[in-house]
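Reading through the structure tokens given below for one structure.
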Amino acid sequence: VQVEEQAEGQTKESKMALSRRGFLGAGAVATAAGAIPMTAAMFTASAKAQAKEAASSPAVHPGELDEYYGFWSGGQSGEVRILGIPSMRELMRIPVFNVDSATGWGITNESKRIRGDGDHFLTGDSHHPHMSMQDGHYDGKYVFINDKANSRVARIRCDVMKTDKIITIPNVQAVHGLRVQKVPYTKYVICNGEFEIPLNNDGKASLEDVSTYRSIFSVVDAEKMEVAFQVVVDGNLDNTDADYDGKYFASTCYNSEMGMTLGEMVSSERDHVVVFNLARCEAAVKAGKFKNYNGNNVPVLDGRKGSKLTRYIPVPKSPHGINTSPGGEYFAINGKLSPTVSLIAIDKLDDLFADKIKPRETIVAEPELGLGPLHTAFDNKGNAYTTLFLDSQIAKWNVKDAVAAYKGEKVNYMRQKLDVHYQPGHNHTTMGETRDADGKWLVVLCKFSKDRFLPVGPLRPENDQLIDISGDEMKLVHDGPAFAEPHDCIMVHRSKIKTKKIWDRDDAMFAETVAMAKRDGVTLESDNKVIRDGNKVRVYMTSVAPMYGLSEFKVTEGNEVTVVVTNLDTIEDVTHGFCMTNHGVQMEIGPQATSSMTFIANKPGVQWYYCNWFCHALHMEMRGRMLVKAK
Ligand code: CUK
Ligand code: CUA
């Protein structure tokens, strides 16, 4: 009885909206994560009640397909995952910044080429997956993602769902916020350098003189995957987004103080949003009004305060997420240490850049939502959904009413508050970052799962919760455990994506390996040959289930061996592997693909290689010998 009363009390309280929520001081942040005064029993009671009322079912029955592809960041795992929505089933993992034992990503020569100058890194921290667009609609071509850990940006080809480009962004440290240009098309990927460093960070000038530290905004050519130009700003940079007019990008700054310690970083009551004027930046690059730093050729523009290229809009205290409304009207700036979201009217930005209005005059609403607003998502009915990290809630609010309330009208913009479990970071609606927002599902990526799953030791999974937003009320319908640590996701209708079932033989992914074979006089589709080139041995073989084209090859101890396997199977889903036992190398070879890897034959004797992707009833027999003669 006592439990029910508590559960009821909690529900009432969560509907009370703002009455008890005051402004959050900086000191509250540190303690908030641990302070959740609710019991498991209370949540079981409320979860059961919510599930009973759900309008849409997330059930996808055996044999049925999901309606949406979800692209999930894998956080500090460095990968990207594909989920089916609404089932929340994990369909695939795409290794990006990590090294992957199953596919050989980071082991094969083809992936090492793509990993480029960061190939020696074993780590990544992927945050923001975003798909390329045409006129504000997903085009199904690429997904881009940042690596905060090693300041990189990667591109995933959606026809094969493999990473095809990774670049290191020069002049910056910790690439965090990342988005794509939405209109007229994704010419540029934009990304924020979060950590402040000296412009020439070569250790020669004073490292203590903090006044020389800068953060830099990077604009990357999406097709070439090269930095087109960069913009130096005042303050640091956190998250970013683009408009639906092809004119402006905007980024949040949480450390306008340029503090070096937590206390310094949260000292002022206001930070800002920087707005970048794309046409003016492109013109400045053309006119040669840039500098170079750190010995590279990337044009770096000066966008600090007073520059024609940027405008600085003050917003309350340490803002975090920025989200453009799907109608293209607003940038929603999530307050983090302020209980508010600030709406910047995008149609006022022309006047701001023409100096006809003051920066704060672009703000048309600042609804108070609750504690710790981090990210906002949108439906197709004029509502916004904001994660409240500290309150462990989603606030659903009406955008028009929030604008009216800011003008002084007596309206209640708050529609509903829903408890989530627990500490939500990003949230995302189906198609919600495009013009095609459809208001069906909301996913909330919770940073703590606590009591929601069977205990698995001190390290717990995250909890990705699925919420039905198709009706008037949000309904929690699914808890989805996830390994480290989805920051952000997008949900793309399946009609937008066309994937290949088998590889094309002329695919760019292995074109260099094909060229190498040609130089060796080898036809990959038919030959099984060993080429000896001094200490180097190149072994070319085919695979057709359940056999490799070579059941043995001979090398001498110390040889550098490159094994190239071409999978001649043309049947969908017949993937082979190649593993050289006791050598720490293995790889995947998809149907009609070529994959290769290079290792040192440093163990004399008989060394078996085998197929490590189950392919056939005689899969166990799909193996052969490397005969290594002692030196
Ligand atoms: S950030 Cu992680 S919760 Cu990198 Cu988009 Cu906000
Ligand atoms: Cu080929 Cu298993």
If we take segment 508-617, then strands (runs of 3 or more DSSP E) inside it with 1 or more residues that are within 22 Å of Val628 (Cβ to Cβ), open to solvent by 10 Å² or more (accessible area, probe 1.4 Å) and free of Cβ contacts under 8 Å to residues at least 24 places away in the same chain are 529-533, 605-610
Say whether the condition of being within 16 Å of ligand 2 (Cβ to nearest atom), modelled with pLDDT of 95 or more and over 30 Å from Gly84 (Cβ atoms) is met by at least one residue in segment 495-510.
no
Matching residues, segment 355-372, being surrounded by fewer than 22 Cβ atoms within 10 Å (Cβ to Cβ) and under 28 Å from Tyr385 (Cα atoms):
Pro359, Arg360, Glu361, Ile363, Val364, Glu366, Glu368
Looking at Leu374, Leu337, can you tell me which residue is away from ligand 2 (no atom under 16 Å from the Cβ) and in contact with a His (Cβ under 7 Å, 6 or more places away or on another chain)?
Leu374
Listed residues Leu301, Leu343, Leu352; which is closer than 27 Å to Glu264 by Cα and crowded, with 20+ Cβ neighbours inside 10 Å?
Leu343
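This table checks each residue for (1) farther than 27 Å from Pro95 by Cα; (2) modelled with pLDDT under 95; (3) within 20 Å of the chain's Cα centre (by Cα); (4) assigned to a loop (DSSP other than H, G, I, E, B).
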site: Lys165; (1), (2), (3), (4): no, no, yes, no
site: His176; (1), (2), (3), (4): no, no, yes, no
site: Lys182; (1), (2), (3), (4): no, no, yes, yes
site: Gly193; (1), (2), (3), (4): no, no, yes, no
site: Ser211; (1), (2), (3), (4): yes, yes, no, no
site: Ser215; (1), (2), (3), (4): yes, no, no, no
site: Ser218; (1), (2), (3), (4): no, no, yes, no
site: Val232; (1), (2), (3), (4): yes, no, no, no
site: Gly235; (1), (2), (3), (4): yes, no, no, yes
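Residues are listed down the side, and each one gets a yes or a no for (1) over 20 Å from Lys498 (Cα atoms); (2) at pLDDT 95 or above; (3) surrounded by 19 or more Cβ atoms within 10 Å (Cβ to Cβ):
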| position | (1), (2), (3) |
| --- | --- |
| Phe71 | no, yes, yes |
| Gly74 | yes, yes, yes |
| Glu79 | yes, yes, yes |
| Arg93 | no, yes, yes |
| Trp105 | yes, yes, yes |
| Leu122 | yes, yes, no |
| His128 | yes, yes, yes |
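For segment 255-280, what are the residues that are over 23 Å from Glu208 (Cβ atoms) and either within 26 Å of the chain's Cα centre (by Cα) or polar (S, T, N, Q) (or both)?
Asp271, His272, Val273, Val274, Val275, Phe276, Asn277, Leu278
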When you go through Ser318, Ser267 one by one, which is the residue that is open to solvent by 50 Å² or more (accessible area, probe 1.4 Å) and closer than 23 Å to His375 by Cα?
Ser267
Just to confirm my filter: which strands (runs of 3 or more DSSP E) fall fully inside segment 243-329 and include at least 1 residues that are among the small types (Gly, Ala, Ser)?
248-253
Gly75: passes all of (1) under 14 Å from the mean Cα position of the chain (by Cα); (2) on the phi < 0 side of the Ramachandran plot but (2)
Per-region count, segment 469-490, residues under 26 Å from Met414 (Cβ atoms), within 16 Å of ligand 1 (Cβ to nearest atom) and outside any loop (DSSP other than H, G, I, E, B):
1
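Listed here are the residues, each with its yes/no results for (1) of a type in the set (Phe, Trp, Tyr); (2) in contact (Cβ under 8 Å) with a residue 12 or more places away in the chain; (3) surrounded by fewer than 17 Cβ atoms within 10 Å (Cβ to Cβ); (4) within 27 Å of Ser318 (Cβ to Cβ).
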| position | (1), (2), (3), (4) |
| --- | --- |
| Ile197 | no, yes, no, yes |
| Leu207 | no, no, yes, yes |
| Thr212 | no, yes, yes, yes |
| Lys224 | no, no, yes, no |
| Asn236 | no, yes, no, yes |
| Thr252 | no, yes, no, yes |
| Ser256 | no, yes, no, yes |
Tally, over segment 152-171, of residues that are closer than 26 Å to Arg214 by Cα and of a type in the set (A, V, I, L, M)
5
All but one of (1) more than 16 Å from ligand 1 (Cβ to nearest atom); (2) outside any loop (DSSP other than H, G, I, E, B); (3) closer than 23 Å to His128 by Cβ hold for Asp401; state the number of the condition that does not hold.
(3)
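The values are calculated or read from the model by the stated rules, or taken from the named source; none is laboratory data. Keep in mind that what you see is a predicted model, and the values were worked out from it rather than measured. Using ideal geometry, Cβ is built from the backbone for each residue, glycine included, and neighbour counts are taken over all protein chains shown. With ligands, DNA and RNA removed, areas are computed over all heavy atoms of the protein, side chains included. Shrake-Rupley method; radii C 1.70, N 1.55, O 1.52, S 1.80 Å.
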